[in-house]
Amino acid sequence: MRIDVISCVPELMQSFLSHSILKRAQDKGLLEVNVHDLREFGTGNYRQIDDYQYGGGAGMVLKAEPLGQMIDKLQAVVQYDEIIYLTPDGKTLKQGEANRLSLSQNLLLIAGHYKGIDERIRQLYVTSEMSIGDYVLSGGETAAIVLIDALGRLIPGVLNDETSALTDSFQDNLLAPPVYTRPEEYKGLSVPKILLSGHEAKIHEWRHEEAVKRTKDRRPDLLDD
Ligand code: 6GU
């Protein structure tokens, strides 16, 4: 999968991309992430990329021309499955959507800043708009990283069998059951006996029951879907 990101603070993303699972995915050639600096298409001596909003009001808006030019340049060489604008007024990202997007070949992400981007870019170029939750971030880069992480780990071959994405919390609309490692007893609390039994089927059943219990208790909304 190839993911291009348009950002006005590309440095924000580099550290995350060069570590952890995302690094491994890129090293294995399963994922390519290119972050493009919007300022490359800024106008004037100061490479301006934002401006005051028409009608007045606090906060700057990312200008249409630099964004349009950068998207045109990228589209000249890449055919994108989707052009996604990361914004708090987008559709909230859920695991199902991440699963679907992980099958894409090429994605273009636009990380907004300030008051957002000129509406005409949304009308002319953007094919979907995505939020990562009901709170406001200072920029779209952190949201882009969240999306890339969620997608990257779903690409076949990125995770090994033990950490398979299929066993994740949320993959079947259930939260994960409790997990334990050594020692068997810690500060008076013991590991549930069933986990030490070696009885695979019973352990599987126990984990499922715990997952359902935990979901009912903490996220009953997930069971409605
Ligand atoms: Cl995608 N961007 C910003 N700026 N804030 C957010 C968000 C995105 N998703 C939730 N809050």
Enumerated helices (runs of 4 or more DSSP H) restricted to the range 70-187, each holding at least 2 residues that are of a type in the set (S, T, N, Q) | 95-101
Residues satisfying the stated conditions in the range 131-149, i.e. of a type outside the set (Gly, Ala, Ser) and near the ligand (Cβ under 6 Å from one of its atoms) = Ile132, Tyr135, Val136, Leu137
Evaluate the following for Leu159: is it surrounded by 16 or more Cβ atoms within 10 Å (Cβ to Cβ) and out of contact with any Leu (no Cβ under 7 Å at 6 or more places or on another chain)?
-> yes
Gly90 vs. criteria away from the ligand (no atom under 16 Å from the Cβ), crowded, with 17+ Cβ neighbours inside 10 Å, closer than 25 Å to Glu11 by Cβ and not polar (S, T, N, Q) = no
Examine the range 109-122 for a residue that is free of Cβ contacts under 8 Å to residues at least 24 places away in the same chain, surrounded by 15 or more Cβ atoms within 10 Å (Cβ to Cβ), away from the ligand (no atom under 12 Å from the Cβ) and farther than 19 Å from Leu31 by Cβ, and state whether such a residue exists.
-> no
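Laboratory data are not the source of any read-out in this text; all were calculated from the coordinates shown. Please read these numbers as outputs of a predicted model, since none were measured by experiment. FYI the Cβ positions are ideal-geometry reconstructions off the backbone, even for glycines, and counts take in every protein chain you see.
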